[in-house]
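What follows is one structure encoded as structure tokens, with my remarks underneath.
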Amino acid sequence: MTTASSNITAKDTNNKYNLSVVSGGRLTLSRAQFNCSYNHVSYLTSDSKHYIVPFNNMIKIYSMETRQCVKTFKYLNNPVLSELVSSSSSNRVEIIDIDFERENDNIVFYTSTFKKIVMQYTKKKSPKQEISDNLVVDYSNKFDTNVSTLVKVFNNNNSGLLFLVHEKDTTVKKGGNGFLNVYKLDNNNNNGTNESHISIKKWNEGEVILNTWSNNEQYLLVLTKTSCSSPDNNKKLLHIYNLHDVEAAELVIKVPETKVSQSSNAHYITTMAINNTASQIALGYASGVITLITLNNKSNIGEEIDNLQIRTLKWHIDSVLTLNFDNSGSYLLSGGWEKVLTFWLLSDTNVQQFLPRLNGVIISVTSLSTHINDNSGDGKYISLLLQHADNKTNSDYELLVINSTDFQSKLCCNGPLTNFESELPIKSSNYQPISIVSNHNSNNEIFKKILRKSVKNKRQDYTALPFTVSPKFKNLIYFPHNSGVCIYDFYKNEQLKYQYLSTNVSSFMGKVRLEHENISDPQILKIDFTLNGEWMVTYEVEKQPNGLLSSNDSSHILKFWNFDTDSQNWNLQTKIINPHGTNIPITDICPAPVSILNSNAILTSDNNGGLKLWGCLLKENTTASANSNWGLIDMKLPNFNNFSNNVNLEWSGDGSLIFHSFDDVLTILDGRKLTPLENESKLQLDSAIQSLHLVDEEHLFIVTTTCLTVYNLLLGDFTKGFDLYPYVNGIYKTGDLRRLIAVDYKRGNIAIVVNQKDPDFCDKFDVSYKAHVVIFNNNLTCKLGTFTYNDYITGIVWNKDSDFYFMDMNSRLGVVSTTITNELFDVATDNNNTDFKLELNSLSARKLNTSNTDGQSHDEDEEANIINGEKKHKIIRNNTFMNLFDNIDNVQMETLFDSVLRTIS
Amino acid sequence: MNSLSKSDNNTSFSPVILTEYENQSGLLAYVTIELNKQRLSIKELSSDRVINTLFINEANTKINTIKFKHINNSDTSLILLGLSTGEIWIYAYKNNEIVTKLSTQSNFPIVDLQVDSTSNKLYCCDSGNILHIYDLTNFNKINKLDLNEDIFSSSSSNDATIGKICCINSANDKNEKVLLCSQSVLLYNLTSNEVELKFPGHITPITFVEYIESHKCFVTAAKNDRFLNVYDIKTGNIITVLSSSEPVEASKVTISIDHNSDKVNVYVITESGNLEIFQDIFVKREDSDNIESLLKSKKKKKDRTGVKNGGNKKSKKIDGKITFEMNSKHLPLLNCTTSNSIDELIITWLERVSSPFSKQITVAAAPQDVVNSTSNLFYTIKIKPHFSNQGQKHYQGTDIASHEKYVEGNATVSNGDNFQDLLESEIDKVLENNNNVITSLQDQLFDQMLENTKDHKNKKASTTIGSDNNVDIATTISTTNTNNKLRKKKNKDVVGTLTVILTQALKSNDQSLLDQVLNTRDPRVIKATIYKLPQQQLSILLLQKLAERIAVAKNNDGSGNSSNNSLDQWCKWCLIIHGGYLNTIPDLLSSLSSLHSAMKRKASVLNRLNELGEALDCVLKRNEFNDETSNNEYESEEEEEFVEYVEELDDAGLLIENGKLVNDDSNENEYSEDDTRDSVVI
């Protein structure tokens, strides 16, 4: 590799491509599905210097002093971890507890499938972690893993390991939150085989609603509801269970009923907390009220206590989402939709202090404790899990650790934040907090419905909004997210910055009022850059509130930003409202390859066939780009009779030609005048053009809904093509296919992603996907690499250098690269050596008749059918022309004949 | 006492509640409140670096007093903290550890600490009037004196608590003496355990006392009092009274002694944060008038406290006053201490509420950045802020974790159909096209027809402009138009008509002239003017200009419908009269696109209005209908007064009213959106 680097020319296409997953991921909220109020899993080391945070693809250890990630355990890097944690593609196995073996400096992870993983923690070791099999302890043989899931492991020195296990209620068909068991494991004998486990406590007499435990993990608090058959109907009971003294009987308290409000929200308990001495319990209701129960005497253990001191704390105006007691017991922390962390001083009556304007809805707050008594007070932290609840397609979490005294942030981390085209079918990434204002609260029932739909649904468009790589810094990816942009550093694997790009309600407050709920924030849909990287162009759509005459009006805004090196922010310079007219969207943005008016320019297209060229106009007497604004400098008028959202733009490198595809017609325009060329300016294709790329000076790469093809501009003919129809038929929404196609303009290579359901792992409630990434050379004649990836790839992009970045459904970022041989990069599956023809089979026309089998039959994979190019003699069958007639509405008569001829030729 | 409003005084809202400045090392110790707890921070002001902080974890432990203590022969520097719990913590700030905690064994809060550096003794007084003496070399308690019995039993009950202490250890006097200050001052001999002298005091508790050894006297200041007393320790007399203009706060008095010349300057920071200067307080001055009046006022106070005045007492007014400004706002000072010489001071202040900063100033010589210098020592100093005032960011800077907010700032906001930046070539293209059009025969005939009617119309038009001065210009324009001979012949325009001016404006691209013409609002005039437009090519140009103006007007007022009514009129008539011609132009769509978009936008409102109209109509109709039906119901109700009531039927839920079961409300929910429901079930 080193010798080859000296002569990297056009010939280095011989370099092998590798696919590896290196970055990204998202934070998990693994305990939420077990109705656990203590829902976020993380661990502060005892010296309070490191914080261990599990992601869905790795475990990261952050230093609290430097905010840097000091160590990463990637699941895929490690054979043991990858086998245990990321089993196949379904995401059901998660890290649910983290512990620390002080004597050996080992980190201990527990997975929800009763496995314990022990890892070396000492920093001196090389990043290459050796995790051998004997460090994995499997407890799963003791439990019925079909119904049981591990929720939490309590490790106290007196009584060994206590497992809190959630068991599904198999007797009840619908509903039912299941049982909650505490098992005791004797850890005196360490050989893992003779250990006995005893169920020491089980709450099954009623339905378990919620569970939580105190910060010091001494007390377990369980909320149950008596079953309907019992005499006093719907009585809610609180069980306080001392985990240090497992023999002692539990303390049962009847939940005080409010008689004032008849609303069901006033009875719906959303979260709860217990303090370290079990003297106080806080219950948070959906109505926003917190009830604080103080236990006077513990004499009547085992009986129901009625004489309780009860205080109600009212501040939240939407559901209380999380509660936690400060370790000293003097404060109660609460959080909710307001994005304000509230401190209740318990010794005083209703004195509150606030930490407002957090980045997201607070769904978890934990008061972290350290064992060292530090006088400076810097050892006390509060860990918050924030959620960007505005994103309806994905749960975007953000972890924030703040100092409990001065509220300065100590740590902040999250994965790449992005919006997907539709709600993801992954259960763990679709947590919606309960709200009385927002009606978008999905409980399990609704979620199952979505899942069932997504399994059956043919259209499985989970592509992400198109993300872009900055031309100046190739490691920065810009993800459009709600009304902001998440700038993510690919190699550091950290978010660099999050900047709001538009006015919105949610950036400065929580949407907790009905009128706010109706307002939808502007959505950033496209981000692009001028070729020199000095200007960023964003396109956003703002929808009007529902129920108005103007509800259907959406305003489209184009914004031009330049980078301010002082503040390290993008500064807005020009904002253009309705750039193509009212209610007309921008369908594509293409930066000018050459300077126009001695400056940058951007070409935009609308869905009527109009084009507008925006130029950077320097203000008088200034030369700095910071003082310039943008204006319309040229335009091609739309034809108001035609509408299509399949519009693509491509500008030739010398700026002389513009390729403008509108539905199934490709028009070649003069780049200077925006007028069609005199001769041969129009090219009619068989179906709507999805993507258009001028790979080099000669080859125009066109993707339609039916095929991939290359048009040779010099020969004036199509030279090569593949059938694509079975892979994209009905799957993607209009214009979304191009998110899965990327072109390396430097080398002239083309990357295409094909997503498919993985039949091996699909069942009634679960669906799993795999994706193929295929790299072609500039004229599609040679395939440089084919990779199978076991997750749905939501977008691929060229990194403006030599690699392609892609993102999957779990927000993991990967790279398809020729250069990187870093050992950290884990190769997923490289099928590069397989026969070219076989690959072609797998790619092109694998099964032509899948279109009418509605994705239910999977057994015809082997049946391959190559439509064009490779085989001279074709077998024409009944279904050969099937795809032609599928979209016959758009096909003109001439085209139809052309297509027929091409099919049989 | 002083009615100065505290509203602009930043320090009163600051979390900084206690400060102590250490001269030698340039350290400032300050206590801030965090939630209900306190934090002590030690900051090196020269380097703007917080050396260490001590967080008091117990909520009920408050720091009452801070004293720095350097141990001479070692490197360790200590801070002594007097706490409200009756403990004294000895804190080594460099190592951030508490060396030891001295307990007074009583729960009275510590009021004052005093370190005698020569004997290395710590004098400490709590609110229970108990004086504790510790040896700082080994942290042992030497002595404990209950002053209540000894001293205050005799005196009046007002003086019950000691607020300040000051030890007086002179080299030639072996006796340990302490000044005990409540409202008055007692000189107490610790060796003999007796009160040596009583000094006349203030009327409020004393908050400051300092002994000046070279002059054998001491200075006191009291709470809310603007007078500072200087006492002679031998005689017990007041040597002089320093009167500042505002009350002096505790611990904001600095006494600066020049050992060479025996000059003593006193600097005080008043309530509003200004620095006031008393120079050379022991030099006697004859300033009789003022003294007389002051003595009178002092007499009253002294009478109340029952202390007789010494006759030779002098009063001294301030010699100078320095105010400070930052960002043209008054800056209250936090503290001041003496520096190298008698005239040099180190002042400290707070920025962004809680960050202290310092600067050295020379008092006597007015520095360069002085503004508003009224006399030698009365001036204002402008201080540059350490925090740049960029943005409205949090005083500690933005938190890294917070998202970057959206700022529109000075960005240009424009609209998609704002064509003002369109490249000139576009318009050139249009004009080029227009010139190539050959006037058809029909046009020519039409022109002739126009000519005939012209005279008649022009009279009307000319009344609006009413000027005959345009003869020459108009004729020259018509003569320049040489490409059409026929037209040239016909163009013997009547001078001064609006048409002529319009033509002229369009051809010469004279915007202001065009504006003048387009300001015409009379529809008849507009119609006539356009009717007489000599060259129909100009109509395109006119439409373009109109479109430009409509677009601009729309951008200016946003609504786009207020002021350009006349523009719409112009447009309308232009399209009506020259529509036929416009149809013949091939590339019109591109040249008039902006007009098209403007009109399209305006036309799109029509649908909306229709919808609204329909909705209103519907509501009105429904109301009407409801009124009618409710009237009917009312009438029918009247008749029903005599319905027979059968109890059995009612109990069985079978009572029928208006053909419906009375308690069958559930079916009626669907009607609930209009008002009929209320009227049905009364």
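The values are calculated or read from the model by the stated rules, or taken from the named source; none is laboratory data. Since this is a predicted model, take the numbers as computed values, not measurements. Note that we place each Cβ from the backbone using ideal geometry, even for glycine, and neighbour counts take in every protein chain shown. The protein model used for the area step is the full one, side chains on, heavy atoms only, and it has no ligands, DNA or RNA in it. Shrake-Rupley method; radii C 1.70, N 1.55, O 1.52, S 1.80 Å.
When you check A:Val70 against the structure, is it closer than 30 Å to A:Trp203 by Cβ and either open to solvent by 20 Å² or more (accessible area, probe 1.4 Å) or modelled with pLDDT under 80 (or both), yes or no?
no
Quick check, is A:Asn504 open to solvent by less than 40 Å² (accessible area, probe 1.4 Å), touching a residue at least 12 places away in the same chain (Cβ under 8 Å) and within 12 Å of chain B (Cβ to nearest Cβ)?
Details: open to solvent by less than 40 Å² (accessible area, probe 1.4 Å): yes; touching a residue at least 12 places away in the same chain (Cβ under 8 Å): yes; within 12 Å of chain B (Cβ to nearest Cβ): yes.
Judged against the criteria, A:Asn504 is a match.
Considering A:Ile584, A:Ile576, which residue is hydrophobic (A, V, I, L, M, F, W, C) and modelled with pLDDT under 90?
Details: A:Ile576 fails: modelled with pLDDT under 90.
Selected residue: A:Ile584, the only one of A:Ile584, A:Ile576 that is hydrophobic (A, V, I, L, M, F, W, C) and modelled with pLDDT under 90.
So, in segment B:20-41, of the ones that are outside any strand (DSSP E or B) and at the interface with chain A (Cβ under 10 Å from one of its Cβ atoms), which residue ends up modelled with the lowest pLDDT?
Looking at the filtered set, the residue picked out is B:Leu35.
Against the definition (free of Cβ contacts under 8 Å to residues at least 12 places away in the same chain and facing another protein chain (nearest Cβ under 10 Å)), how does A:Asp553 come out, yes or no? Break it down into steps so the answer makes sense when it comes.
On the way: free of Cβ contacts under 8 Å to residues at least 12 places away in the same chain: no; facing another protein chain (nearest Cβ under 10 Å): yes.
No, not satisfied.
State all residues of segment B:237-270 that are open to solvent by 50 Å² or more (accessible area, probe 1.4 Å) and within 23 Å of B:Leu18 (Cβ to Cβ); if no residue qualifies, say none.
B:Glu249, B:Ser251
I'd like the full set of residues that are crowded, with 16+ Cβ neighbours inside 10 Å and either closer than 22 Å to A:Asn532 by Cα or more than 8 Å from chain B (Cβ to nearest Cβ) (or both), limited to segment A:570-583.
First, pick out the residues of segment A:570-583 that are crowded, with 16+ Cβ neighbours inside 10 Å: A:570-582.
Within segment A:570-583, A:Trp570, A:Asn571, A:Leu572, A:Gln573, A:Thr574, A:Lys575, A:Ile576 meet the criteria.
Determine the pairs where a residue that is open to solvent by 80 Å² or more (accessible area, probe 1.4 Å), located within segment B:222-235, has a partner that is among the charged types (D, E, K, R) with Cβ atoms under 8 Å apart, the partner being 6 or more residues away or on another chain.
Listed pairs, sorted by first residue: B:Arg226/B:Glu246; B:Lys234/B:Lys216.
Could you check A:Asn790 against (1) at pLDDT 85 or above; (2) closer than 19 Å to A:Arg26 by Cβ and say which number it fails?
(1)
When only residues in segment A:325-337 that are away from chain B (no Cβ under 14 Å) and open to solvent by less than 10 Å² (accessible area, probe 1.4 Å) count, which is farthest from A:Thr294 (Cα to Cα)? Full working, then the answer.
Here is the first cut: in segment A:325-337, the residues away from chain B (no Cβ under 14 Å) are A:325, A:334-337.
Then drop every residue that is not open to solvent by less than 10 Å² (accessible area, probe 1.4 Å), which leaves A:325, A:334-336.
Working: A:Phe325: 13, A:Ser334: 17, A:Gly335: 21, A:Gly336: 23 Å.
So, considering only residues that are away from chain B (no Cβ under 14 Å) and open to solvent by less than 10 Å² (accessible area, probe 1.4 Å), the one farthest from A:Thr294 (Cα to Cα) is A:Gly336.
Would you mind finding the one in A:Ser369, A:Ser376, A:Ser409 that is at pLDDT 85 or above and under 30 Å from B:Ser41 (Cβ atoms)? Break it down stepwise before answering.
Details: A:Ser369 fails: at pLDDT 85 or above; A:Ser376 fails: at pLDDT 85 or above.
After applying the criteria, what remains is A:Ser409.
When only residues in segment B:96-128 that are touching a Ser or Thr at 6+ places or on another chain (Cβ under 8 Å) and of a type in the set (S, T, N, Q) count, which is surrounded by the fewest Cβ atoms within 10 Å (Cβ to Cβ)?
B:Asn107
Spot the failing condition for B:Asn129; the list is (1) within 14 Å of another protein chain (Cβ to nearest Cβ); (2) polar (S, T, N, Q); (3) at positive phi, and only one is missed.
B:Asn129 satisfies every listed condition except (1).
Failed condition for A:Ala771, given (1) touching a strand residue (DSSP E or B) at 6+ places or on another chain (Cβ under 6 Å); (2) surrounded by fewer than 17 Cβ atoms within 10 Å (Cβ to Cβ), with all others met?
For A:Ala771, the exception is condition (2).
I'd like to know if segment A:534-548 contains one or more residues that are in contact with a Pro (Cβ under 8 Å, 6 or more places away or on another chain), closer than 30 Å to A:Ser20 by Cβ and acidic (Asp, Glu).
No, segment A:534-548 contains no residue that is in contact with a Pro (Cβ under 8 Å, 6 or more places away or on another chain), closer than 30 Å to A:Ser20 by Cβ and acidic (Asp, Glu).
Mind checking which pairs have a first residue in segment A:784-804 that is among the basic types (Lys, Arg) and a second that is part of a strand (DSSP E or B), Cβ under 8 Å, 6 or more apart or different chains?
Qualifying pairs under 8 Å: A:Lys800/A:Val469.
Is there a residue being within 14 Å of another protein chain (Cβ to nearest Cβ), within 30 Å of B:Ser594 (Cα to Cα) and open to solvent by 20 Å² or more (accessible area, probe 1.4 Å) anywhere in segment A:513-525?
Yes, there is a match, as at least one residue in segment A:513-525 is within 14 Å of another protein chain (Cβ to nearest Cβ), within 30 Å of B:Ser594 (Cα to Cα) and open to solvent by 20 Å² or more (accessible area, probe 1.4 Å).
What is the residue count in segment A:387-435 for residues that are farther than 15 Å from A:Glu494 by Cα, in contact with a strand residue (DSSP E or B) (Cβ under 8 Å, 6 or more places away or on another chain) and more than 12 Å from chain B (Cβ to nearest Cβ)?
Residues in segment A:387-435 being farther than 15 Å from A:Glu494 by Cα, in contact with a strand residue (DSSP E or B) (Cβ under 8 Å, 6 or more places away or on another chain) and more than 12 Å from chain B (Cβ to nearest Cβ): 12 in total.
Find the residue count for segment A:599-619, including only residues that are farther than 22 Å from A:Thr667 by Cα and within 13 Å of another protein chain (Cβ to nearest Cβ). First the steps, then the outcome.
First pass over segment A:599-619, keeping only residues farther than 22 Å from A:Thr667 by Cα: A:599-600, A:615-619.
The next check asks that each one be within 13 Å of another protein chain (Cβ to nearest Cβ); those that pass are A:599, A:615-619.
Summing the residues that are farther than 22 Å from A:Thr667 by Cα and within 13 Å of another protein chain (Cβ to nearest Cβ) in segment A:599-619 gives 6.
Restricting segment B:89-132 to residues that are small (Gly, Ala, Ser) and not in a strand (DSSP E or B), which is nearest to B:Thr53 (Cα to Cα)?
Here is the first cut: in segment B:89-132, the residues small (Gly, Ala, Ser) are B:92, B:103, B:106, B:117, B:119, B:127-128.
Retained after the next criterion (residues that are not in a strand (DSSP E or B)): B:106, B:117, B:119, B:127-128.
Details: B:Ser106: 27, B:Ser117: 25, B:Ser119: 29, B:Ser127: 27, B:Gly128: 30 Å.
Result: B:Ser117.
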